[in-house]
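The values are calculated or read from the model by the stated rules, or taken from the named source; none is laboratory data. Predicted model, so just to flag it, every value in this text is computed and none were measured. Glycine gets a Cβ as well: all are built from the backbone with ideal geometry, and neighbour counts include every protein chain shown. We work out accessible area using only protein heavy atoms, side chains counted, and drop any ligands, DNA or RNA first. Shrake-Rupley method; radii C 1.70, N 1.55, O 1.52, S 1.80 Å.
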Amino acid sequence: AELRADLGAKYAKSNGWPSGVRALVEATTPADVIESTVAELPVAWRWGDGHVTLLGDAAHTQLPALGLGVSTAFGDVEELVAQLDRHGLSQKALRWYERCRMPTCAALQLMSRSMYGLNKISANTH
C-alpha cells in the first residue's frame, strides 16, 4: 500500500506517464520490487600495493548517473594491458596503470556525483 501510494503521488506530480509505463506500475506488486542501495566510493589516490592493484568498481565505484561504470572499467583494462606490454608483469606496470587512470576516473566519479545530485533535485521539483 505504501509503495502504491508513493507511486501514485509521483504520478500525480508528473503530468501523467505514458500508458505503457502506467500499466507496468499498476501491475507491479510490492513483492516484485527489489530495493537496493546506491553507493559510491570516495575518490582514492591509491589503488594498489606491491603486486596488487584494483580495477573497475573496486577502484572507483561511481554513482550510476552517467551510466559509465562498465566503459570506465574497460578503460582500466585497456590501460593495464598497455602498461603490462610496456613494462612487463611488474609493480612498475601496475603503478603506471594507476597513475594514468586515476585522474580520468576521479573526474568521472565527481561528475557522476554532481549529476546524481542534480537528478535528485530535479526529481523533487517536478
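Under 17 Å from Ala39 (Cβ atoms) and open to solvent by 30 Å² or more (accessible area, probe 1.4 Å), is that true of Leu68? Quick ask: steps written out before the conclusion?
Numbers: under 17 Å from Ala39 (Cβ atoms): yes; open to solvent by 30 Å² or more (accessible area, probe 1.4 Å): yes.
So Leu68 passes the test.
So which residues in the range 88-116 are over 16 Å from the mean Cα position of the chain (by Cα), in a helix (DSSP H, G or I) and free of Cβ contacts under 8 Å to residues at least 24 places away in the same chain, if there are any at all?
Lys92, Ala93, Trp96, Arg99, Cys100, Pro103
Looking only at the range 33-52, count every residue that is modelled with pLDDT of 85 or more and open to solvent by 60 Å² or more (accessible area, probe 1.4 Å) and tell me the total. Write out each step before concluding.
Pass one, the range 33-52, residues modelled with pLDDT of 85 or more: 42-52.
Narrowing further to those that are open to solvent by 60 Å² or more (accessible area, probe 1.4 Å): 42, 45-46, 49, 51-52.
Total meeting the criteria: 6.
Could you identify the single residue in Leu80, Leu63, Leu55 that is under 30 Å from Gly8 (Cβ atoms), of a type outside the set (Val, Ile, Thr) and touching a helix residue (DSSP H, G or I) at 6+ places or on another chain (Cβ under 7 Å)? Give the steps one after another, and end with the answer.
Working: Leu80 fails: under 30 Å from Gly8 (Cβ atoms); Leu55 fails: under 30 Å from Gly8 (Cβ atoms).
None of the others qualify; the one that does is Leu63.
Is it true that Leu55 is surrounded by 16 or more Cβ atoms within 10 Å (Cβ to Cβ) and part of a loop (DSSP other than H, G, I, E, B)?
Values: surrounded by 16 or more Cβ atoms within 10 Å (Cβ to Cβ): yes; part of a loop (DSSP other than H, G, I, E, B): yes.
Yes, satisfied.
So Ser71 fits all but one of (1) in a helix (DSSP H, G or I); (2) closer than 30 Å to Ala5 by Cβ; what number is the exception?
Condition not satisfied by Ser71: (2).
Going through Glu35, Glu26, Glu40 one at a time, which residue ends up being part of a helix (DSSP H, G or I) and among the acidic types (Asp, Glu)? Reasoning before the result, please.
Working: Glu35 fails: part of a helix (DSSP H, G or I); Glu40 fails: part of a helix (DSSP H, G or I).
Exactly one of Glu35, Glu26, Glu40 is part of a helix (DSSP H, G or I) and among the acidic types (Asp, Glu), namely Glu26.
Quick grid of which residues meet (1) loosely packed, with under 12 Cβ neighbours inside 10 Å; (2) at pLDDT below 85; (3) among the polar types (S, T, N, Q):
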site: Thr72; (1), (2), (3): no, no, yes
site: Gly75; (1), (2), (3): no, no, no
site: Leu80; (1), (2), (3): no, no, no
site: Leu84; (1), (2), (3): no, no, no
site: Leu89; (1), (2), (3): yes, no, no
site: Arg101; (1), (2), (3): no, no, no
site: Thr104; (1), (2), (3): no, no, yes
site: Ser112; (1), (2), (3): no, no, yes
site: Met115; (1), (2), (3): no, no, no
